[in-house]
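First up is the structure itself, then whatever we jot down about it.
All of the numbers you see were taken from the coordinates with simple rules; none came from a lab. Just so you know, these numbers come straight off a predicted model, no measurement behind them. Ideal geometry is used to build each Cβ from the backbone, glycine not excepted, and the neighbour counts take in all protein chains shown.
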Amino acid sequence: MKIMVTGGAGFIGSAVVRHLIHDKGLCVVNVDKLTYAGNLDSLATVANHPHYAFEQVDVVDRDRITALLAQYRPDAIMHLAAESHVDRSIDGPGAFIQTNIVGTYALLEAVRGYWNELTDERKNAFRFHHISTDEVYGDLHGTDDLFTETTPYAPSSPYSASKAASDHLVRAWQRTYGLPTLITNCSNNYGPFHFPEKLIPHMILNALHGKPLPVYGDGQQVRDWLYVEDHARALVEVVTRGKIGETG
Ligand SMILES: NC(=O)c1ccc[n+]([C@@H]2O[C@H](COP(=O)([O-])OP(=O)(O)OC[C@H]3O[C@@H](n4cnc5c(N)ncnc54)[C@H](O)[C@@H]3O)[C@@H](O)[C@H]2O)c1
């Protein structure tokens, strides 16, 4: 099985790529634009592996994506490429609209063209897995509150609004064109190769350097944390065994 992973040089994407190659023995083509968030050091253990290929391409570039699909002929897409930092989306939302919405649209259209031409057997087995965020559901109130798959969408930042838009595009491509899609909406991840400006590495690095530990407001905020390598294993379970059209 060959999987095209978009955003595979990012924090979660690189954990997925390492897991697919080291633990699952699958083939990966990693399509990543290498923005500030892309880190090829996180892929050092797979870089020379015969099952691994890297292509520095922007998902917005539909023609390049179409060419890569024709070249590599993947059995599934795991779409993680995104602008992912909430604070940056408040300072400059344009890149979030471009990559998260326009990029997902371009990718869906390229994949739809490729998928339509597959044999019936490969068409039925094909999956498009969109990796999204629980931030599309808005805010929780207290520790007993939970999001479920049926919680109404209520995004509040430019980041979460752009991810909500991309979720709706993916659902529409499944309902309208029959593209076999899956969506997962995870909580905050932590673990190896986490970008240093995110909360947990930021706090650890400040503590190590004897700097203040900045806490917003009254410090009563609650966050749900998911270990990135557990998440990578779960995502691969979803793309290989998930039910088409479902959200998790
Ligand atoms: N990190 C989290 O806690 C978290 C939580 C929920 C959901 N998510 C979602 O998971 C996915 C991965 O998150 P992450 O933390 O690994 O993100 P990240 O910012 O660490 O990595 C994103 C990757 O995408 C690449 N990229 C950005 N724009 C691109 C473009 N136009 N074309 C191709 N590549 C591009 C970057 O170079 C980078 O390698 C995102 O879709 C994000 O919304 C992340």
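Things to note:
- Among Leu20, Leu68, Leu205, the ranking by other beta carbons within 10 Å of each residue's beta carbon, starting with the fewest, stands as Leu205, Leu68, Leu20.
- Here the 3J(HN,Hα) profile of the stretch 133-145, calculated from phi with Karplus coefficients 6.51, -1.76 and 1.60 at θ = phi - 60°, is 10, 6, 5, 5, 8, x, 9, 8, 10, x, 7, 8, 6 Hz, Gly and Pro shown as x.
- With the gyration tensor restricted to C-alpha atoms of the stretch 130-172, the semi-axes of the equivalent ellipsoid amount to 19, 12, 7 Å, longest first.
- Gyration tensor analysis over the Cα atoms of the chain returns equivalent ellipsoid semi-axes of 29, 21, 17 Å (largest first, whole Å).
- Taking a ≥ b ≥ c as the square roots of the eigenvalues of the Cα gyration tensor, the stretch 170-226 is prolate, since a/c reaches 1.5 or more and a/b is larger than b/c.
- Three-way shape label, the stretch 8-125, alpha-carbon gyration tensor, a/c 1.5: oblate
- When the alpha carbon gyration tensor of the stretch 106-220 is reduced to an equivalent ellipsoid, its three semi-axes come out at 37, 18, 12 angstrom, largest first.
- If you take all other residues with their beta carbon under 9 Å from the beta carbon of Phe96, and give Lys and Arg +1 and Asp and Glu -1, the sum is +1.
- Calculated SAXS-style log₁₀ I(q)/I(0) at q = 0.21 Å⁻¹ - the stretch 109-157, Debye, Cα scatterers: -0.76
- Computed over every Cα-Cα pair of the stretch 9-68 and binned at 5 Å starting from 0, the pair-distance distribution P(r) comes out as 4, 19, 31, 22, 17, 7, 0 percent.
- Links that overshoot a 28 Å alpha carbon limit, given the list Lys33/Lys211; Lys2/Lys243; Lys123/Lys198: Lys33/Lys211; Lys123/Lys198
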